[in-house]
Amino acid sequence: MGGVRKGLGALLAAALATAFVAPGTHASADAPVPVPTAPGTEPVIADDRLLVKFEAGTRNRVDHIEDAGADFERTITADGWLAVDTHGDLEHVRRALEADPAVADVEFNYLRTATAIATGPLFHLQDDYLDPLRVQQAWEITTGAGKTIAVVDTGVDLDHEDLIGRFVSGFDFVNNDATPQDDNGHGTLVAGAAAASANAVGVIGVAPSANVMPIKVLNHEGSGSDVNIALGIRWAAENGADIINLSLAGPGNSAVLDSSIAYARGNDVVVVAATGNEGVSTPHFPAASTGVVAVGATGDDGTAAWFSNRGSYVDVAAPGIDIVSTTFDGGYGSASGTSLASPIVAGVAALVRADEPTLTESQVTARLRDTAKDRGPAGFDLVYGAGTPDAFSAVGGLPLPTAATQSPTGPGEPNGTFAQATPITTSAVAAIQPELDEDWYSFNAVPGTYTISAVPTVSPDPLQPRALNAAIELRSPANAVVAAANSRPVQQTETLVSDITTAGAYRIRVVNGASSASFGNYTL
């Protein structure tokens, strides 16, 4: 395996949003105040374009668009979604189109962003995260030759010595040309993690003999709209991709993205996508779209990264902390985020497709889930999905032993329900372990103002997978939410202040608003 170059240029990649929830106000018992919406939970409109689909058989579609005050721009998907330019009058045109009986659907052109976190020159050996996935054992069977991974991203450094000679034709939908050169760095990181060559020069990808199809849909800032992303997915599906990697995400479902993904899957292409880095349970797309292999992030030790988004749509979770890869200045660097976890899984998918070319897209997807090593709570869960990938088992090797079931740990357990609440008077020490654990406490209250704080044990590593973003709820004797607090960033003290007007046996519920277990104990 090649060594890692040190002392190289700064890595350019999309940064993790560190703010979680805007500060809120406390609530009284008779007027609960909801926790403010967290960043990363609401979709962002990219521009003044709308995406429109007409009823089947509609004639003179351009006339309908112009009657609504817009201009036809281009066809996006194979099943008829169109992009129209509203010239800044977005709401007026949207209402006019929605009122037209010939229009089947209208949606905004949402913004998606690259899902990596720049971590600076942290050069760890790749063995730290590849070995637990048994990638080197899988290479004894296949290295992915003959299979093509489409990197739908910011483009790729077309001159990088770890990637050159491995490219197949791609396209740049940002500049509308056939030279998808990376001008951000994110796409080159992703391409290297998936398929950097085994050339003893620098780093190595999970599928070091697979081809790379560079498709640029994100601009130099790492952002792009559903229009370009959908076009990129379609282009890849029509030009020979076996796997499409989408290390980009954003809230807000899009029928256009769903359509392009369905088209790719209909062309027998495996679609892999990052869940995003906000540490929230709000579904992020395209990872949450039907049939996509949605990938969360872990650390080297397989524990869930606090920033990895979670939900029922997560399929697997792969290493996403300090992943060493190629950079767009011809060098090497490290980065973290679900953006790096996704291409690792895309690389495993390429190994599977190379080893068993007759497997269909859905069979490859099932293989990735079925051979994953269970992590966290037993069985499928919202953080790891089916578990962490096992490349060797995925290509026919003997599976790893079944992981032991993880039970909640710490003082007062089990206290995971209203009825099991641990009685407290002034304080308690506990832990949110494993992931998705919740702690309940009971106390007898008299009327007055109560201050409740959860103080985490702070990890010295800002990208420590196990970190606590405490979320606190005060519950009435009838188990109604009296007040809630989740306004402080990860690893900071969370405080709830509430007036109790009626005496009784109240409960406090503490959970991790992030996706990880806690780093050590917290004090309530």
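The values are calculated or read from the model by the stated rules, or taken from the named source; none is laboratory data. Computed from a predicted model, the values in this text were never measured in an experiment. Positions of Cβ are generated from backbone atoms using ideal geometry, with glycine treated the same way; all protein chains shown enter the neighbour counts. Keep in mind that these areas ignore ligands, DNA and RNA; they rest on the heavy atoms of the full protein, side chains included. Shrake-Rupley method; radii C 1.70, N 1.55, O 1.52, S 1.80 Å.
Residues to consider are 428, 467, 391; find the one that is surrounded by 14 or more Cβ atoms within 10 Å (Cβ to Cβ) and at pLDDT 95 or above.
Values: 428 fails: at pLDDT 95 or above; 467 fails: at pLDDT 95 or above.
When all the criteria are applied, what remains is 391.
Every condition in (1) open to solvent by less than 10 Å² (accessible area, probe 1.4 Å); (2) touching an Asp or Glu at 6+ places or on another chain (Cβ under 6 Å); (3) more than 24 Å from residue 226 (Cα to Cα) is met by residue 197 except one, and the failing one is (1).
For the subset of the range 431-455 comprising residues that are open to solvent by 60 Å² or more (accessible area, probe 1.4 Å) and among the hydrophobic types (A, V, I, L, M, F, W, C), which member is farthest from residue 514 (Cα to Cα)? The residue in question is 446.
Right, residue 315: among the charged types (D, E, K, R), at pLDDT 90 or above and in contact with a helix residue (DSSP H, G or I) (Cβ under 7 Å, 6 or more places away or on another chain) or not? Break it down into steps so the answer makes sense when it comes.
Details: among the charged types (D, E, K, R): yes; at pLDDT 90 or above: yes; in contact with a helix residue (DSSP H, G or I) (Cβ under 7 Å, 6 or more places away or on another chain): yes.
Answer is yes for this residue.
Just checking, does the range 456-475 include any residue being under 26 Å from the mean Cα position of the chain (by Cα), farther than 25 Å from residue 336 by Cα and hydrophobic (A, V, I, L, M, F, W, C)? The answer is yes, given that some residue of the range 456-475 is under 26 Å from the mean Cα position of the chain (by Cα), farther than 25 Å from residue 336 by Cα and hydrophobic (A, V, I, L, M, F, W, C).
Here is a check on your reading of the model: is residue 339 assigned to a helix (DSSP H, G or I) and within 30 Å of residue 486 (Cα to Cα)? Give the steps one after another, and end with the answer.
On the way: assigned to a helix (DSSP H, G or I): yes; within 30 Å of residue 486 (Cα to Cα): yes.
Yes: the conditions hold for residue 339.
Under the condition of being within 17 Å of the chain's Cα centre (by Cα) and of a type outside the set (A, V, I, L, M, F, W, C), which residue from the range 226-245 is nearest to residue 152 (Cα to Cα)? Checking each candidate, the answer is 245.
To keep it simple, each residue is scored yes or no on (1) among the polar types (S, T, N, Q); (2) more than 22 Å from residue 280 (Cβ to Cβ); (3) in a loop (DSSP other than H, G, I, E, B).
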{"position": "296", "(1), (2), (3)": "no, no, no"}
{"position": "302", "(1), (2), (3)": "no, no, yes"}
{"position": "306", "(1), (2), (3)": "no, no, yes"}
{"position": "311", "(1), (2), (3)": "no, no, yes"}
{"position": "348", "(1), (2), (3)": "no, yes, no"}
{"position": "351", "(1), (2), (3)": "no, yes, no"}
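Is it the case that some residue within the range 326-337 is in contact (Cβ under 8 Å) with a residue 40 or more places away in the chain and closer than 26 Å to residue 401 by Cα? First the steps, then the outcome.
Going residue by residue through the range 326-337, those that are in contact (Cβ under 8 Å) with a residue 40 or more places away in the chain are 326-337.
Going one step further and asking which of them are closer than 26 Å to residue 401 by Cα, we end up with none.
Looking for residues that are in contact (Cβ under 8 Å) with a residue 40 or more places away in the chain and closer than 26 Å to residue 401 by Cα, one finds none in the range 326-337, hence no.
Please specify each residue of the range 481-506 satisfying the condition of being assigned to a loop (DSSP other than H, G, I, E, B) and within 25 Å of residue 309 (Cβ to Cβ). Within the range 481-506, 486, 487, 488, 489, 490, 491, 492, 493 qualify.
Assess whether residue 169 counts as being at pLDDT below 95 and either among the β-branched types (Val, Ile, Thr) or open to solvent by 10 Å² or more (accessible area, probe 1.4 Å) (or both). Can you show your working first?
Values: at pLDDT below 95: no; either among the β-branched types (Val, Ile, Thr) or open to solvent by 10 Å² or more (accessible area, probe 1.4 Å) (or both): yes.
In short, no.
Can you give me the ranges of the strands (runs of 3 or more DSSP E) entirely in the range 54-172 with at least 2 residues that are touching a His at 6+ places or on another chain (Cβ under 9 Å)? Filter on the range 54-172 gives 103-114.
All conditions in (1) of a type outside the set (Asp, Glu); (2) open to solvent by 40 Å² or more (accessible area, probe 1.4 Å); (3) in contact with a Phe, Trp or Tyr (Cβ under 8 Å, 6 or more places away or on another chain) hold for residue 184, with the sole exception of (2). Within the range 261-275, the set of residues being under 22 Å from residue 113 (Cβ atoms) and within 19 Å of the chain's Cα centre (by Cα) comprises 261, 271, 272, 273, 274, 275. Only a single criterion out of (1) open to solvent by 70 Å² or more (accessible area, probe 1.4 Å); (2) modelled with pLDDT under 70; (3) at positive phi is not satisfied by residue 26, namely (3). All of (1) over 11 Å from the mean Cα position of the chain (by Cα); (2) buried (at least 24 other Cβ atoms within 10 Å of the Cβ) hold for residue 309 with one exception: (1).
Restricting attention to the range 248-260 and to residues that are closer than 24 Å to residue 360 by Cβ and open to solvent by less than 10 Å² (accessible area, probe 1.4 Å), the residue that is farthest from the chain's Cα centre (by Cα) turns out to be 260. All of (1) in contact with a Ser or Thr (Cβ under 9 Å, 6 or more places away or on another chain); (2) crowded, with 24+ Cβ neighbours inside 10 Å; (3) modelled with pLDDT under 95; (4) not basic (Lys, Arg) hold for residue 135 with one exception: (1). Scanning the range 85-94 turns up one or more residues that are over 26 Å from residue 234 (Cα atoms), surrounded by fewer than 16 Cβ atoms within 10 Å (Cβ to Cβ), within 32 Å of the chain's Cα centre (by Cα) and at pLDDT below 95. Just one of 205, 185 is farther than 24 Å from residue 49 by Cα, out of contact with any strand residue (DSSP E or B) (no Cβ under 6 Å at 6 or more places or on another chain) and modelled with pLDDT under 95; which is it? None of the others qualify; the one that does is 205.
Of all residues in the range 507-523, count the ones that are over 12 Å from residue 310 (Cβ atoms), open to solvent by less than 10 Å² (accessible area, probe 1.4 Å), of a type in the set (A, V, I, L, M, F, W, C) and in contact with a Leu (Cβ under 8 Å, 6 or more places away or on another chain). Result for the range 507-523: 2. I need the full set of residues from the range 332-370 which are farther than 12 Å from residue 293 by Cβ, surrounded by fewer than 21 Cβ atoms within 10 Å (Cβ to Cβ) and small (Gly, Ala, Ser), in order please. Listed by number, the list holds a single entry, 354. Which residues, taken from the range 345-380, are of a type in the set (Asp, Glu) and modelled with pLDDT under 95? Hit for the range 345-380 is 374, nothing else. Among the residues in the range 491-508, are any in contact with an Asp or Glu (Cβ under 7 Å, 6 or more places away or on another chain) and among the small types (Gly, Ala, Ser)? For the range 491-508, residues in contact with an Asp or Glu (Cβ under 7 Å, 6 or more places away or on another chain) and among the small types (Gly, Ala, Ser): absent.
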